[in-house]
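Shown next, in structure tokens, is the structure this report addresses.
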Amino acid sequence: MAPADLKRHIAYDIGAARLTTRLAELTGASAALAGFSRLLIDPNRGEDDPTLIMRISDGAVIPGNARAGADETAARIEKFWRPYRRACIDLVEAALAAGQIPVLLGVHSFTPTFRGVARPWPCGVLWDDDPRLAHPLIAALRADGLHVGDNEPYDGALKNDSMYELSSTRGLPGALIEIRQDELATPDACDAWAERLARILPAILARSDMRRIERFGSRADRGVRRS
């Protein structure tokens, strides 16, 4: 494939690693980063997701994936997907073992346009049935003057993905923030977003409902999608 494709969204979430690393530094939070391209395998999809290894992505043929059969898929799961998911689970279980209720925030980025249509949101918050983190985070970002997508540009309920396994099925507060890539075009811009979140999150995390396990279930288990 063309070298330019390796710098596109099909290869990785532009700006997400820088933002996550800086946010962890500012807040003292733990963070897990995959460290490999989703062209190899998507670390946040479920192990049984048919899009785990993409043959074609946004019009680009992925040569190394075109003939990836069951054995190759299993090898990539074992070498890349499973260690990343295990690292995430270990962080959650370490917090629980220490008597803490971890609050889980996934960080992703999205393209400014999709299929020729401009996306109006500089950021979006994706969530399943548990509103404890999503609702106050959306409200705080809107109070900061932003047009925030509520389960836009994607739906937050996806069977067996990272949020489903790490928070939804465990009754832990969790959500995923998506930031439009033009908002993360430079290191300074990524740092500014990290500083915004570091300013907003403490008041949300101090809420009493963040300090308990509460099982809301998952829309993914009921086959319900938000309109």
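The values are calculated or read from the model by the stated rules, or taken from the named source; none is laboratory data. Fair warning: this is a prediction, and the values are worked out from it, not measured in the lab. Backbone-built Cβ (ideal geometry, glycine too); neighbour counts: all protein chains shown. Just the protein is used for accessible areas: all its heavy atoms, side chains included, with ligands, DNA and RNA removed. Shrake-Rupley method; radii C 1.70, N 1.55, O 1.52, S 1.80 Å.
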(message) Need pairs with beta-carbon distance below 7 Å; first residue more than 17 Å from GLU214 (Cβ to Cβ) and among the β-branched types (Val, Ile, Thr) and within segment 131-151, second open to solvent by less than 10 Å² (accessible area, probe 1.4 Å) and at pLDDT below 95; sequence gap 6+ or separate chains.
(response) none
(message) Quick check on this structure: which one of ARG211, ARG199, ARG180 is farther than 27 Å from ARG85 by Cα and of a type outside the set (A, V, I, L, M, F, W, C)?
(response) ARG199
(message) Pull out all pairs, ordered by first then second residue, where Cβ-Cβ is under 7 Å, the residues are six or more apart or on different chains, the first lies in segment 184-199 and is closer than 12 Å to CYS123 by Cβ, and the second is open to solvent by 50 Å² or more (accessible area, probe 1.4 Å) and at pLDDT below 95.
(response) none
(request) Give the residues of segment 12-46 that are over 30 Å from ALA203 (Cβ atoms) and touching a strand residue (DSSP E or B) at 6+ places or on another chain (Cβ under 6 Å), sorted by residue number. (result) none
(request) Considering each residue of segment 197-224, count those that are charged (D, E, K, R) and within 18 Å of the chain's Cα centre (by Cα), and give that number. (result) 1
(message) Pairs please, first residue from segment 1-28 and in a helix (DSSP H, G or I), second anywhere and open to solvent by less than 50 Å² (accessible area, probe 1.4 Å) and of a type in the set (Asp, Glu), Cβ atoms under 6 Å, 6+ apart in sequence or on different chains.
(response) ARG22/ASP191
(request) Of the numbered conditions (1) crowded, with 18+ Cβ neighbours inside 10 Å; (2) of a type outside the set (S, T, N, Q); (3) at pLDDT below 95, TYR12 fails exactly one; give the number of that condition. (result) (1)
(request) Would you check which residues across segment 39-72 are touching a residue at least 24 places away in the same chain (Cβ under 8 Å), farther than 21 Å from ALA2 by Cβ and open to solvent by less than 60 Å² (accessible area, probe 1.4 Å) and list them? (result) PRO43, ASN44, GLY46, ASP49, LEU52
